[in-house]
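Quick notes on the structure that follows.
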Amino acid sequence: MTTLNSRRGLPLWAKLLLGLIVLGLLAAPAAAQAPALPDAPAGQAEAEAIAACLSAPPVTDDPASCVGVIAESCLTRADGTVDNALRCIAGETAGWQLRLDAALATLRDDAAASDSVAADTPAAEPAAARPSRAAALDRAQSAWLAWLAAECDWHRLGFDPETADVAAAECRRDAIADRVLRLGPRSAAVDGP
């Protein structure tokens, strides 16, 4: 699991450049809002900042280097309390969650279309016996959500009570981001029926 203070793979200049990109994208919406750290982050600005980070030249070889950049940038503006750390991580997590929801929606649409084509295609087995890609995706996502809850509970138990919530929040953010990065290429170009 990555920590808030360590980014692997990128030189310092690239990290600073990404930080400036993220700050620029988040500064415009933040300037219009009264509080610097909203209680309920919607995630849209964060999702846009993630998209910008993922498309930045130093990152294209290592998209995982974008994970944590937004929270780190937020923490540089915050006072370092656990509550602010949780808000910063939650904001980034909301952005990754929006990207995950979009990837899953695309995959579900593609799976439903594939299931429809398969149902109309003559095959050796009856249509009712063919496995549904849409149902398989739903089962996979349900299993992943159960794993996510168990994994982050396990991380929480490895830390003292003061930092346990931060560790669990980082776990959740990192796992959701990893799922986005794994599903993203599949949702961009799904192969075959």
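The values are calculated or read from the model by the stated rules, or taken from the named source; none is laboratory data. Treat the numbers as computed from the prediction; the structure is a model and nothing was measured. A quick note on method: Cβ atoms are made from the backbone with ideal geometry, for glycine too, and the neighbour counts reach across all protein chains shown. SASA here: full protein model, heavy atoms, side chains in, ligands and nucleic acids out. Shrake-Rupley method; radii C 1.70, N 1.55, O 1.52, S 1.80 Å.
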- Message: Return the pair list, or none, for Cβ contacts closer than 7 Å from residues in the range 131-152 that are over 17 Å from Asp101 (Cα atoms) to residues that are open to solvent by 60 Å² or more (accessible area, probe 1.4 Å) and among the charged types (D, E, K, R), at least 6 apart or on different chains.
- Response: Cys152/Arg172
- Query: Do the conditions hold for Arg186, that is, is it open to solvent by 50 Å² or more (accessible area, probe 1.4 Å), over 24 Å from Leu75 (Cα atoms) and at pLDDT 90 or above?
  - Reply: no
- Task: Could you check Ile70 against (1) part of a loop (DSSP other than H, G, I, E, B); (2) open to solvent by less than 40 Å² (accessible area, probe 1.4 Å) and say which number it fails?
- Result: (1)
- Message: Can you go through Ala136, Ala168 and tell me which one is at pLDDT 95 or above, surrounded by 11 or more Cβ atoms within 10 Å (Cβ to Cβ), of a type in the set (Gly, Ala, Ser) and assigned to a helix (DSSP H, G or I)?
- Response: Ala168
- Message: Give me the residue from the range 74-102 that is part of a helix (DSSP H, G or I) and over 20 Å from Cys171 (Cβ atoms) and, out of that set, least open to solvent (accessible area, probe 1.4 Å).
- Response: Ala102
- Of all residues in the range 53-67, how many are part of a helix (DSSP H, G or I) and open to solvent by 30 Å² or more (accessible area, probe 1.4 Å)? 3
